[in-house]
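Here's the structure we're looking at; comments come further down.
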Amino acid sequence: MSGKTLLSLIVVLPFLGSFLAALLPVYARNTAAALSGMLALAGLAILAFFYPAVTGGGMVRVDIAWAPDIGLDLILRLDGLSWIFAFLILGIGALVVLYARYYMSPEDPVPRFFSFLLAFMGAMLGLVLSGNLVQLAFFWELTSLFSFLLIGYWHHNQSARDGARMALIITGTGGVCLLLGFLIIGRVAGSYDIDVIRTQADAIRSSGYYLPALLLVLAGAFTKSAQFPFHFWLPHAMAAPTPVSSYLHSATMVKAGIFVLMLLWPVLAGTEEWYLIVVTTGLATMVFGAWSAIFQQDLKGLLAYSTISHLGIITLLLGLGSPLGAVAAIFHTINHATFKASLFMAAGIIDHETGTRDLRKLSGLYRFMPITATLAMVAAAAMAGVPLMNGFLSKEMFLAEALADHQGTIIDETLPYLATLASAFSVLYSLRFIHQSFFGPPPRDLPHEPHEAPPWMRLPIEILVLACLLAGIAPNLTIAPFLANAAQSVLGARLPHYSLAIWHGFTLPLAMSLIALGCGILGYLLFRDRLNAVKRSPVVGRLQGRRAFERVLAAIMDGGVALQRWLGTKRLQMQLRILLGMVLLLGALPFLRFGYSPGTQQLTPVDPVFALIWIVGGACAVGAAVTAKYHRLAALVLLGGAGIATCISFLWLSAPDLAVTQLLVEIVTTVLLLLGLRWLPMRRPELWSGSRPLRVNLRRATDLGVALAAGVGMALLSYAVMTREAPAGISRFFVEQAYPGGGGTNVVNVILVDFRGFDTLGEITVLAIVGLTVFSLLRRFRPARESVRTPVQQRRQNAYDEAQADRSLGDTLADYLLVPRIIMEWMFPAIIVFGIFLLLRGHDLPGGGFAAGITFSIAIIIQYMASGTRAVETRLSVLPLRWVGFGLLIALATGAGAMLLGRPFLTSWFSYLDLPLIGKTPAASALLFDIGVCGVVVGSTVLTLIALAHQSIRTPRTETEES
């Protein structure tokens, strides 16, 4: 297997595992856990295989063709920095999987949890391995989406739903800013390739677009990494299960913003704007988070605010702009991931075994769970920066950088004092975490009798704590090579000399560290009782980010309501009028700016027969508009006449493919519109009486004016286009390249499934969403009885309320209109064969997947007309959701198959196959894509049919029951 395939597998495997885990039954928790763990370990093995290639500043790069004509490719890029982040994602991810196997309750849908976890793991791996900024932004948004699902996993919990919503809105908004910043950087650099962008660092920093790009990128990074004032979403995300908190808030989610800052450090750092914004934000976050953590009464809340503080330290180090600061930031990122993941897991064990995380209720747990207590003490010591722990080494590097002079500002003068203060706070809340939980008198009135966790549940904590010890005691033998590789990938030739020795002598950073250690211990001894008595810090109470967030949301909602009150209306006609008015205004702007001038070419003489067809079609369209107020069924028939005229026009102008599609669509839409008529409100007599109110006449005159403006505008535009000489451009290209490039002689179909296949994929995705939306909106509603029943039918309905309560409109038509069912049922196989015929020949002759899907839908609709929806659901066993799902999967698999063969996404393959008894037969991969299109069309049409038709007529009894 090639290196290209192996590197791609690192990203693909978690998504594949997520899909498989989602298919597992609810009770298969062991299978889901084993699948997740094996995939994480497989990713680690692949990552270890690439380690020699990334040492010494090396890099592994894979370019996957996507849209090479416009310079947009998928790029996977593995260097020392991305390697260490991928290692944390996969390594801690594997440990979280093992921990979650014992933490999650059997009553929870555990396979769904592991499905979300693996999808998030894949999104994070895609983010850190992306070599293209647009691609990175895509995976960035995926991490926001899957973290939303993980945080809100216990959706029955209101706090979980609120925390998930808050995290999604904050990080999603930041993601939009990040994308805009990336687009600006790519525009200035002339490429979105990260390696190219790094070579244009000087040009970007000297550009006038530097400051907007910097602000937008920092907005995205700060929201993701919970920097002040966007920090408040992180504590509320603690409503998630502890394995989620341990994973998202130590090594993955919050580190995504840190990774982007490190990745773009060579491009954006080194300016006064970078220094002032990043350092100030990191400094405020560090102090505020540490101060807030002291007053937390919830174990996870304490760890959440401590995470905010340590993220502030990392951001501050990156903001200093010095190479040593960048090295210290990378080092502390690794250390923080190890000790914070283990502390979250320890807090989860305490909660799991005692039933509470309230520090005021916990005490003396050491005698009940000594192993867990010992592990937590070591991890907390690493967080506090105690010597011989990994946290001590990176904290000493941080303090040394705080003493250095960077910009000669007041920040440099105050930074050593604030850094020492924050370190003292870190010691204080770490000591409080340990002493309050594990020492003191035995606990009372706990929900559960405390006891030690199972050995396998403790194993992840033991591994992480061992890593903290080894990195702290023997850093040069353990963490030093990985740190050097990561730092060199960021700094390159600017890599400074630094030492990870345990002892540097009696230095000022050591003195600051000892002062912080002593002040933290003294502060806890003096204020321990007072800390247990308060609910929150006075500062935290005044800086409630959640209140500001909810006020902003409320203001947005109020603004939307006011705008709706001003512009909105319950009448669809008014909404369409506003929409068409805006379109007309936008369409007129170019003419107002540049004027209107027709071309010089002479028009083709009009054939009298063709003109007669258009006159009939226009008369049908006008008649449909006029009679819609009087007789809706007549208007629908006239509308079909206009459609037939359009279909004949396509044939006349040598466009049989469009004619076939138009005719088939007319059949389906006519039936669906006929079913939709009963959803419309009852016509009001004054609308068709001789004495209509003035407002009715005014409204109809307005509609006529909008229609005339649209029609005249399109006529003028068409005339201007048709009187100009057509450029010898894209149309000739399609005609000439349809067969050699796409393997088909039907140019329209080749365009849809080959040249513009990605557009078609987007269109069928939209079609699937529309079908699901229509079904979701209408499945719980019932049409008004007076909308579908004449007075005679209504009296008959009232006589048979009980018998007819659950019958569909199709059943009623079959009973009252005596539809010849047998003939309609005989038509089914003939129409299906015709649909297959259109599907198979579509690449060379008029037809294709869309036409075939509409044909199959017509066959199903005829069965509905003959026997009602029960025939569609029972005898035919049409499962529309599966049609839609498998159609989309087949279309995606067709595109992915091309990528596996080293071709751009959705590149078609064409050849001739010599089949027995048949002979030389053309074969194209586009047929598979057409099959996917066909499946989506059938599924979406049947979903709409069921939504419109399979609804009971409202009866007095059902109205009473619903009320």
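Between the helical axis of 926-949 and the longest alpha-carbon principal axis of the chain there is an angle of about 80 degrees. Around the amide H of residue 72, modelled in the peptide plane, lie the amide H atoms of 67, all under 5 Å away and 5 or more residues distant in sequence or on another chain. Based on DSSP H segments of at least four residues, each scored -39500 (n - 2.57), the chain has a per-residue ellipticity at 222 nm of -23500 deg cm²/dmol. Computed about its Cα centre, the charge dipole of the chain is approximately 2480 debye, with only Lys, Arg, Asp and Glu carrying charge at their Cβ. With the gyration tensor restricted to C-alpha atoms of the chain, the semi-axes of the equivalent ellipsoid amount to 61, 34, 29 Å, longest first.
For the listed peptides 233-242, 31-40, 614-623, a ranking on the average number of other beta carbons within 10 Å per residue, highest first, reads 233-242, 31-40, 614-623. Axis angle, to the nearest 10 degrees, between helix 656-676 and the longest C-alpha principal axis of the chain: 80 degrees. Relative to the longest principal axis of the Cα atoms of the chain, helix 410-438 runs at roughly 90 degrees. Ranking 140, 720, 183 by Cα position along the charge dipole of the chain, where only Lys, Arg, Asp and Glu carry charges on their C-beta atoms, puts 720 farthest toward the positive end. In this Cβ point-charge picture (+1 for Lys and Arg, -1 for Asp and Glu), region 275-536 has a dipole of about 420 debye about its Cα centre.
Look at where the Cα atoms of region 38-98 and of region 473-492 average out, and the two centres are 18 Å apart. Taken one residue at a time, the phi angles of region 642-650 give Karplus couplings (6.51, -1.76, 1.60, θ = phi - 60°) of 4, x, 5, 4, 4, 4, 5, 4, 4 Hz. Gly and Pro are set to x. Per-residue Cβ neighbour counts within 10 Å put 412, 657, 195 in the sequence 195, 412, 657, beginning with the fewest. Between amide H atoms placed 1.01 Å from N, distances below 5 Å from residue 723 occur with 599, all of them 5 or more places distant or on a separate chain. Note that region 761-769 has calculated 3J(HN,Hα) couplings of 4, x, 5, 6, 5, 4, 4, 5, 5 Hz, one per residue in order, obtained from phi through the Karplus relation 6.51 cos²θ - 1.76 cosθ + 1.60 (θ = phi - 60°); glycine and proline are x. The ranking of 245, 206 by Cβ neighbour count inside 10 Å, starting from the fewest, reads 206, 245. Taking packing as the residue-averaged number of other Cβ atoms within 10 angstrom, the listed peptides 585-592, 354-361 run from highest to lowest as 354-361, 585-592. Exceedance of the 23 Å cut-off in Cα-Cα distance is limited, within the set 224/340; 340/395; 224/300; 224/361; 255/340, to 224/361. Summary of packing: across the peptides 825-838, 111-124, 176-189, the per-residue average of other C-beta atoms within 10 Å ranks them, highest first, as 111-124, 176-189, 825-838. With the charge dipole of the chain set up from +1 on Lys and Arg Cβ and -1 on Asp and Glu Cβ about the Cα centre, the Cα lying farthest toward the positive end among the listed residues 591, 96, 923 is that of 591.
Candidates 936, 705, 897 compared by Cα position along the dipole of the chain: farthest toward the positive end lies 705, with charges placed on Cβ.
What would the Debye formula give as log10 I(q)/I(0) at q = 0.11, 0.15, 0.18, 0.20 Å⁻¹ for the alpha-carbon point model of region 79-238, no solvent? Rounded to two decimals, the profile gives -0.51, -0.88, -1.15, -1.31.
Evaluating 6.51 cos²θ - 1.76 cosθ + 1.60 at θ = phi - 60° for every residue in region 822-827, the Karplus couplings come out as 4, 4, 5, 5, 5, 6 Hz, glycine and proline recorded as x.
Among 917, 418, the ranking by other beta carbons within 10 Å of each residue's beta carbon, starting with the fewest, stands as 917, 418. Residues whose amide H comes within less than 5 Å of that of residue 132, counting only those at least five positions distant or on another chain, are 75, 194 (H built at 1.01 Å from N in the peptide plane).
Values in this text are rule-based calculations from the coordinates and carry no lab data. In this text, all values refer to a predicted model and were calculated from it rather than measured experimentally. Here Cβ is always computed from backbone atoms with ideal geometry, including for glycine, and neighbour counts include all displayed protein chains.
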